[in-house]
Each structure stands twice: as C-alpha cells, then as structure tokens.
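Here the structure is laid out as structure tokens; the discussion comes afterwards.
Please treat every number below as a calculation from the coordinates, not as lab data. This structure is a prediction, so every number in the text was calculated from the model and none was measured. Here the Cβ is made from the backbone with ideal geometry for all residues, glycine too, and neighbour counts use every protein chain on show.
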Amino acid sequence: MLLLSKFKISGHSMEPLFLHGDKILTTNIFYLFKSPQINDIVVFKDITNVFVKRITKIINDKYFVSGDNQNDSLDSKDFGAISKSQILGKFIYKL
Amino acid sequence: MTLLSIVIDKIFKETKACAHCDIPCGIYDPHNAQMAAHTVLRMTNLLLDIQRENETKAKHDIARMTHVKEEHGHLVEDELGTLENDYFKPEHFKTYSNLGELIEKAVKLSILVRQNIDIESSKELLETILQISEIFYKTKNVTPIRVKSVYPTEGEIVTYK
C-alpha cells in the first residue's frame, strides 16, 4: 500500500470543495498511528468502487460518511457505515 | 495548477474516486448523451458555415456557438461518466468487451471536438455514442433500433422497441 495516492474526482457530491474532474492527494500515514476523525475527508473502497466522502459520525469503530453536497450524495444511509480497513487514505492536498 | 501540483500529477498514478449523485434511483438513459453529441455536430456545422459579411455579428455568433459546443461536449462527458460509474456494471463490460474502449474513445472525442472545429470527429463522436446507446439498451433486454432524428444534423438516434 502506497503512503501517498492520487485520485481523480468523478461526480458532484463533494462540491463545493471538490469539483468533478479535480485531482486530490491522500495519505494513509496518519491512520497508521491514529484512528480517523470526524470531519476527515477519506477515500475508501467498497465492493465495486472507490469513493470520497467526509466522516460525519463514528460509532463503535464504524465510520459514517456523507458527501458535502447534501442534495447530491450517496451516504452511509445507502451503503452502510464503513470500517477502518476500507479506508485507503485521508485527503491532504488538492492539485 | 501550481508547480507542486504539476509535479505530483506527473509522479503519481491516478485512480478514480466516486463522488456521485448516487441515490440509486435506477433512472439512466443514453438519450441526453445522444442529444448533446447532436448539438456538438450542429454547432460544428454552423461554425463552418459562418458568414463574414458583418464581422461583429460573425464574431458574436462564433462566441455563442463555441460556448454551446463547449457546454455540450462537457455534457457528453458527464453523461457518459454517469453511465460508466453508476449504471454499467463489471458484467456489462465483460459481456460487451468493447464497451470500455467505446467510452474511452467517446471521452477523447468529446475533448477533441471542443478543442477544434472538426466535423469528422463530431460525426465520430455521435457514432460512438450511438454504439454505446445500443449496448445500454441491450443490457436492459430490449432491442435497440436506429432511427433518423428530426434534428437539423439529420443524423440518427438510437431508441428501442
């Protein structure tokens, strides 16, 4: 697993922070030493896709995530809470 | 883009991260992409036919047509992105082995037609979108058919029976 990874945003659910086509850099370094926190923007994988969302709630090591653009986002209501093992990295830089 | 961003962009391999409008509504349709591709073709035709008797008006018309062409080129890309990311599943790409290639080709063409006044690429874009639309309807277990559009482009659209 790379310490730094680059992702290209596809979709609008993280607007206005990320627009469709934006590129971001993430790192998994922080999560080697501490757990993800509320408000962290994380890239994570589910069975079929890689998603980018913000952590909004943490209950019993389950991370509830949501897009910033509430009118236009899939969130934990739709695919359930995620676990730390699904998180690929934390957003650190927008190109 | 800053120098740091350019360096990072060059160094790191890119992966797609989905941030979609994905309440899984199940409502997908390639029609919008087809209309957008027709619009690109129409704008390209109009740009090639522009009259230069009144230079101010010509410049004004060129600006407007280019704007619409740009907008609809983007729309093609967006609509394809929705189909690719939200609708088409791995089994679709497996069954229709050229699907990924067609989408990639259409995205490249949608950029090319924005960069240039290129009638051949515009026609190719439309044709590629039609082929993707045919695959879309096949995945819905209906028979796709091509009919002549009623648009000034006189090109075809794909629907189903």
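Out of (1) among the small types (Gly, Ala, Ser); (2) touching a residue at least 40 places away in the same chain (Cβ under 8 Å); (3) within 14 Å of another protein chain (Cβ to nearest Cβ), what's the single condition that is false for B:Ser133?
(3)
Give the residues of the stretch A:36-68 that are among the polar types (S, T, N, Q) and in contact with a strand residue (DSSP E or B) (Cβ under 8 Å, 6 or more places away or on another chain), sorted by residue number.
Step one: of the stretch A:36-68, the residues among the polar types (S, T, N, Q) are A:37, A:39, A:48-49, A:56, A:60, A:66.
Of everything in the stretch A:36-68, those that are among the polar types (S, T, N, Q) and in contact with a strand residue (DSSP E or B) (Cβ under 8 Å, 6 or more places away or on another chain) turn out to be A:Gln37, A:Asn39, A:Asn49, A:Thr56, A:Ser66.
Might you let me know whether the stretch B:93-102 holds any residue that is under 21 Å from B:Thr15 (Cα atoms), within 12 Å of another protein chain (Cβ to nearest Cβ) and of a type in the set (Gly, Ala, Ser)?
no
Cβ contacts < 9 Å: first residue of a type in the set (Ser, Thr, Tyr), restricted to the stretch B:77-93; second residue outside any loop (DSSP other than H, G, I, E, B) and surrounded by fewer than 20 Cβ atoms within 10 Å (Cβ to Cβ), any location; separation 6+ or different chain. Result?
Listed by first residue and then by second, the contacts come to B:Thr82/B:Asn32; B:Tyr87/B:Thr139.
Looking only at helices (runs of 4 or more DSSP H) that lie completely in the stretch B:1-115, which have at least 1 residues being of a type in the set (A, V, I, L, M, F, W, C), within 30 Å of A:Ile92 (Cα to Cα) and in contact with a Pro (Cβ under 9 Å, 6 or more places away or on another chain)? Outline the logic, then answer.
Working: elements: B:3-11, B:31-48, B:55-82, B:90-95, B:99-115.
Those helices (runs of 4 or more DSSP H) span B:55-82.
Do we have any residue at all in the stretch B:140-152 that's assigned to a helix (DSSP H, G or I) and within 25 Å of A:Gly11 (Cα to Cα)?
Kept after step one, since they are assigned to a helix (DSSP H, G or I), are these residues of the stretch B:140-152: none.
No, the conditions are met nowhere in the stretch B:140-152.
Mind counting the residues in the stretch A:1-32 that are more than 7 Å from every other protein chain (Cβ to nearest Cβ) and not in a loop (DSSP other than H, G, I, E, B)?
Summing the residues that are more than 7 Å from every other protein chain (Cβ to nearest Cβ) and not in a loop (DSSP other than H, G, I, E, B) in the stretch A:1-32 gives 6.
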